[in-house]
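What follows is a single structure, written as C-alpha cells, with notes after it.
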Amino acid sequence: MSDVLNFHFEVDGNDFKSAGHASFLMKKNLRQLGLPPETIRRVSIAMYEGEINMVIHARGGTADVNVYEDCIEIILKDTGPGIKNIEQAMQEGFSTATDNIRSLGFGAGMGLPNMKRYTDYMNIESEVGVGTTITMKVNLI
Amino acid sequence: MKVKDLSGNYGFEAITLPDGDREIDGVYIGDLLSWVMGRAKSGNAWITIMSNVNILAVASLADTSCIILAEDVTLEDDVIKTAIDKEINILKTSMDIYSAAVTLSSVI
C-alpha cells in the first residue's frame, strides 16, 4: 500500500462556529481528485463527526487524511480527557455532551456510531487523561 | 424538481440559491445535526428549524440539495454569507414542518 497523498489539518478546539472546516476542505480536495461522490460523502461525514467530537470534548486536535490507491485513511488525534468506556460510547444515543452543546443540535450520541457506519474500518485507542486516537478507513475498491 | 423551481412557489422562498440547478431527490426532516448527518441522503431537501452556522457544515458534508427553514425561522447575516461561500442553497417557509413536507411531497 503505497502512500499517495497526505492532508494534515489542525482542528481548533476553541471555535465551535468553525467546526467542520477541516472536513469541508478535505471534501474539496477529494472532489478535485475526482473520487466518487458517495466515497467523498462517507469520508466527509466520518471526518466531520470526529472533528465535532474533538471540538466538543477535547479542545481540538489534529486530523490526517492519507489517500492510498485502495483506501482513504483518516487519523484523528487529540489530547483530551479520553473515553472511559468505548463500548458504551459506541452505542447510539449515548452522549456526555452538555446542554449547551445539545441546544446547538449536537450531542445526540450519534457521532461515533456515524463514524463506524460510514467507514469500512474503525479503531479507537483511548486513555483517560491522555487522549484519543481514532483511525478510520474507507475502501476505494 | 430543481431547487430553483421551489423558490417563489408553493410557499417557499430562497434565502440563498448559489446552486439552484441542484435536483431535489427526496426529503429529510430533523433538528439533531448528527442524526441528520447520519440519515439524510445525498440530494434530499432537509427541513429543519435549526439555524446556527453548523447546519451549513451538515448540509455540505451530507450533500443535501438544500436546507428548508420552516416556521419563519430566520438566519443571522454571517450564516447567510457563509452559506453563499459554501454554495449551500437555503429556502424559507412560514409553513410548519409537517405542512412543508406534505407540500413538498406533492410537488417534487
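The values are calculated or read from the model by the stated rules, or taken from the named source; none is laboratory data. Keep in mind it's a predicted model, so treat the numbers as computed, not measured. Cβ: placed from backbone, ideal geometry, glycine included. Neighbour counts: every protein chain shown. Ligands, DNA and RNA are excluded from the accessible area calculation, which covers all protein heavy atoms including side chains. Shrake-Rupley method; radii C 1.70, N 1.55, O 1.52, S 1.80 Å.
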With B:Gly30, B:Gly38 as the choices, which residue is open to solvent by less than 10 Å² (accessible area, probe 1.4 Å) and either under 9 Å from the mean Cα position of the chain (by Cα) or closer than 24 Å to A:Lys17 by Cβ (or both)?
B:Gly38
Residues B:Asp96, B:Asp72: which one is more than 22 Å from A:Ile52 (Cβ to Cβ), more than 14 Å from every other protein chain (Cβ to nearest Cβ) and touching a Lys or Arg at 6+ places or on another chain (Cβ under 8 Å)?
B:Asp72
Where residues in the range A:1-32 are open to solvent by less than 40 Å² (accessible area, probe 1.4 Å) and aliphatic (A, V, I, L, M), which of them is farthest from A:Lys137 (Cα to Cα)?
A:Ala19
Taking the options B:Lys92, B:Lys81, name whichever one is at pLDDT 95 or above, surrounded by fewer than 24 Cβ atoms within 10 Å (Cβ to Cβ) and in a strand (DSSP E or B).
B:Lys92
Identify the residue in the range A:96-112 that is touching a helix residue (DSSP H, G or I) at 6+ places or on another chain (Cβ under 7 Å) and not in a loop (DSSP other than H, G, I, E, B) and, among all such residues, is nearest to the other protein chains (Cβ to nearest Cβ).
A:Gly111
The listed residue being in contact (Cβ under 8 Å) with a residue 12 or more places away in the chain, in contact with an Asp or Glu (Cβ under 8 Å, 6 or more places away or on another chain) and not acidic (Asp, Glu), out of A:Gly109, A:Gly93, A:Gly129, A:Gly80:
A:Gly109
A:Ala63 vs (1) in a helix (DSSP H, G or I); (2) open to solvent by less than 10 Å² (accessible area, probe 1.4 Å): all pass except (1)
Residues being of a type in the set (Gly, Ala, Ser) and within 27 Å of A:Val43 (Cα to Cα): count how many of those fall in the range B:63-103.
2
For the range A:31-54, the count of residues that are touching a Ser or Thr at 6+ places or on another chain (Cβ under 9 Å), within 13 Å of chain B (Cβ to nearest Cβ) and under 21 Å from B:Asn54 (Cα atoms) equals 13
Kindly indicate whether any position in the range A:34-56 is of a type in the set (A, V, I, L, M, F, W, C) and more than 23 Å from A:Thr132 (Cβ to Cβ).
yes
Can you work out which of the residues in the range B:1-13 that are open to solvent by less than 30 Å² (accessible area, probe 1.4 Å) and not aromatic (Phe, Trp, Tyr) is farthest from B:Thr93 (Cα to Cα)?
B:Val3
Filter result for A:Ile86 (within 17 Å of A:Ile124 (Cβ to Cβ), modelled with pLDDT under 95 and of a type in the set (A, V, I, L, M))
no
Could you list all residues from the range B:61-78 that are open to solvent by 10 Å² or more (accessible area, probe 1.4 Å), touching a residue at least 24 places away in the same chain (Cβ under 8 Å) and under 17 Å from A:Leu104 (Cβ atoms)?
B:Val73, B:Leu75, B:Glu76, B:Asp78
Looking at B:Ser60, B:Ser42, B:Ser51, can you tell me which residue is assigned to a helix (DSSP H, G or I) and of a type in the set (Ser, Thr, Tyr)?
B:Ser60
Filter the range A:114-127 for residues that are modelled with pLDDT of 95 or more and open to solvent by less than 50 Å² (accessible area, probe 1.4 Å); which is farthest from the other protein chains (Cβ to nearest Cβ)?
A:Ser126
